[in-house]
Amino acid sequence: MSDVATLSRELRTIRTSFRQLAAAFSRITPILTKRAPVSSNGTGPARRKRRITASHRAALKLQGRYMGTLRGLKPRLRSKVKKVRAAKGIQAAIAAARRPVRGRRETTSLPSMFAANVLSGLHYLST
């Protein structure tokens, strides 16, 4: 009988411990829910999304177009385009970067290149 009494005493101790844990969790729940919201990646507090004006969005798009045109240029031509931007502005720099340079081939679109390759291969079939 002593084993049964010991077992029931231990179960009662465990039951009271669970009640104490439940009470502690119910006390800290309001504190945890009042915490500042966390950002989506979990690194810090959430920030309010800034609204961008139409003129600022246009400036960002123009900056992106400028960076995109500079990306494919060789360093010498890139420095020339940067000088044009400093002197005449970003629109003129984009135009200067797109302007064909002596010695640089014109780029053709992929469908026209494909059609030219197919048509050049067809003359073998006709002979």
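Per this entry, Val118 is counted among residues that are in a helix (DSSP H, G or I), of a type in the set (Val, Ile, Thr), out of contact with any Cys (no Cβ under 7 Å at 6 or more places or on another chain) and at pLDDT below 90.
Whenever a residue of the stretch 71-88 is modelled with pLDDT of 90 or more, its partners that are assigned to a helix (DSSP H, G or I), lying with C-beta atoms within less than 6 angstrom and at least six residues away or across chains, give the pairs Arg78/Leu70; Val81/Ala93; Val81/Ala96; Val81/Ala97; Val84/Ala92; Val84/Ala93; Val84/Ala96; Arg85/Ala93.
Filter the stretch 75-92 down to the residues that are among the hydrophobic types (A, V, I, L, M, F, W, C) and under 16 Å from Arg65 (Cβ atoms) and list them by number. Reasoning before the result, please.
So the first thing to find is which residues in the stretch 75-92 are among the hydrophobic types (A, V, I, L, M, F, W, C), and the list is 77, 81, 84, 86-87, 90, 92.
If the condition is that a residue be among the hydrophobic types (A, V, I, L, M, F, W, C) and under 16 Å from Arg65 (Cβ atoms), then Val81, Val84, Ile90, Ala92 are the ones that fit.
The values are calculated or read from the model by the stated rules, or taken from the named source; none is laboratory data. Treat the numbers as computed from the prediction; the structure is a model and nothing was measured. Every residue, glycine as well, gets a Cβ built from its backbone with ideal geometry; the counts of neighbours run over all protein chains shown.
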